[in-house]
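Report on the following structure.
Quick note: the coordinates plus some simple rules give every number you see, no bench work behind them. Quick caveat, the model's predicted, so the values are computed rather than measured. Every residue, glycine among them, receives a Cβ derived from its backbone with ideal geometry; neighbour counts consider all protein chains shown.
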Amino acid sequence: MTGSGGMTLTCLGTSDAFGVGGRHCAGYLLETEHGRALLDAGPSILASLERNGRSAAEIDVVAVSHLHGDHFAGIPFLLLKFTYEERRSRPLVIVGPPEIESRTRELYRALYREASSAPLAFDLRFVEALPGEPVEVADLRLEAFDVPHVSQGRSFGFRATSGGKSLVYSGDTEWTDDLLRRSSGADLFLCECTSFEGEVPGHVRWRDVDLRRSRLECRQLLLTHLGREMRGKAGLPDRLADDGLAVVVGSNRAD
Ligand SMILES: [Zn+2]
């Protein structure tokens with residue numbers, strides 16, 4: 001808990017799908033005074049929570065940007081943990097794109113057939129996110145917006161607001177100038193940046209960001225989902241996320 005009415009972001013996984021340099025796949029813990037949200041849950045989410053001294057039990061909501069494994073394959077492990085290791089009684093909300101419930105249940109069944117058929121001891125609620133219809137959990141408001149990434153289905157970014165602070169997360173997306181509008185006025189824009197200049201279909205290149213730099217109206221920019229080309233870059237003017245980095249949203253200091 002932040003205790004200040006604001007938000008703290010802890011980067012649990014900042015790699016693209018390939019675990020570059022030993023970093024974990026996508027996962028970001030957003031803590032407000034009264035709530036905890038996980039933005040995406042890559043396959044090793046339990047390890048990255050533990051490494052950062054955080055408890056899965058305290059998560060109120062998991063917001064999934066899209067149904068690629070590096071963003072949602074950790075959810076079955078959360079459910080497994082809540083069944084066998086840290087028996088949960090508090091409700092859990094999972095927000096995501098269409099098919100979030102069926103795809104998560106299919107994945108859980110593929111990985112753990114027995115556990116996935118056992119009844120859960122807590123209330124698990126799946127919510128299909130709809131742009132323009134924010135989901136409110138504790139003192140946190142999450143609103144999805146469409147981004148161009150997957151060819152089948154839908155991909156979202158999220159705007160998270162709490163206590164007058166705001167964070168915009170791009171999810172995975174190719175560059176679109178709509179990101180300028182979405183991130184305008186945000187205290188922190190957590191933007192994917194998979195490559196430096198190499199074309200990676202469906203993803204942002206650093207060159208895309210650099211070209212629009214003068215039009216960005218967020219207070220702070222943090223680049224993440226970093227692929228091999230980006231990890232090798234030094235001396236860029238932008239802050240690069242790393243596993244374990246914690247940022248007070250709306251402040252320039254890192255904790
Ligand atoms: Zn990804």
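Convex hull volume of the Cα atoms of the chain, normalised per residue: 117 Å³.
With a cut-off of 8 Å between alpha carbons and a minimum separation of six or more residues, what is the relative contact order of the chain in percent?
19
Mind putting together the pair-distance distribution for segment 118-255? All Cα pairs, 5 Å bins, whole percent per bin, short to long. Spelled out per bin, shortest first, that is 2, 9, 18, 21, 19, 15, 8, 4, 2, 1, 0. The Cα atoms of segment 191-236 define a convex hull whose projected area, averaged across directions, is 3.3 nm². Compared with the alpha-carbon gap, the fully stretched path from L111 to R90 is longer by 5.2 nm at 0.36 nm per residue.
With respect to the chain, whose longest principal axis is taken over its alpha-carbon atoms, helix 75-84 is tilted by about 30°.
In this structure, the amide hydrogen of V95, modeled 1.01 Å from its nitrogen in the peptide plane, lies closer than 5 angstrom to those of V62, A63, V64, V127, counting only residues at least 5 positions away or on a different chain. Mind pulling the angle between the C-alpha long axis of helix 100-111 and the longest principal axis of the chain? Nearest 10 degrees, somewhere in 0 to 90. Once rounded, the angle reads 70 degrees. Per the Debye formula on identical point scatterers at the alpha carbon atoms of segment 14-63, with no solvent, log10 I(q)/I(0) at q = 0.17, 0.26 Å⁻¹ is -0.48, -0.99.
Ordering L142, L179, G164 by the projection of their Cα atoms onto the charge dipole of segment 132-214, which places +1 on the Cβ of Lys and Arg and -1 on the Cβ of Asp and Glu, puts G164 at the extreme positive end. Close amide H contacts of L221 (hydrogens built in the peptide plane, cut-off under 5 Å, sequence separation of 5 or more or a different chain): F189. Normalising the average separation of contacting C-alpha pairs (under 8 angstrom, six or more residues apart) by the number of residues puts the relative contact order of segment 14-58 at 26 percent.
A Cβ-based charge dipole, computed about the Cα centre of the chain with Lys and Arg at +1 and Asp and Glu at -1, lands at about 300 debye. Between S151 and D210, the C-beta separation translates, for a Förster distance of 30 Å, into a calculated FRET efficiency of about 0.65.
Taken along its principal axes, the alpha carbon cloud of segment 1-138 reaches lengths of 42, 35, 33 Å, longest axis first. Each part reduced to its alpha carbon centroid, segment 83-103 and segment 128-207 end up 22 Å apart.
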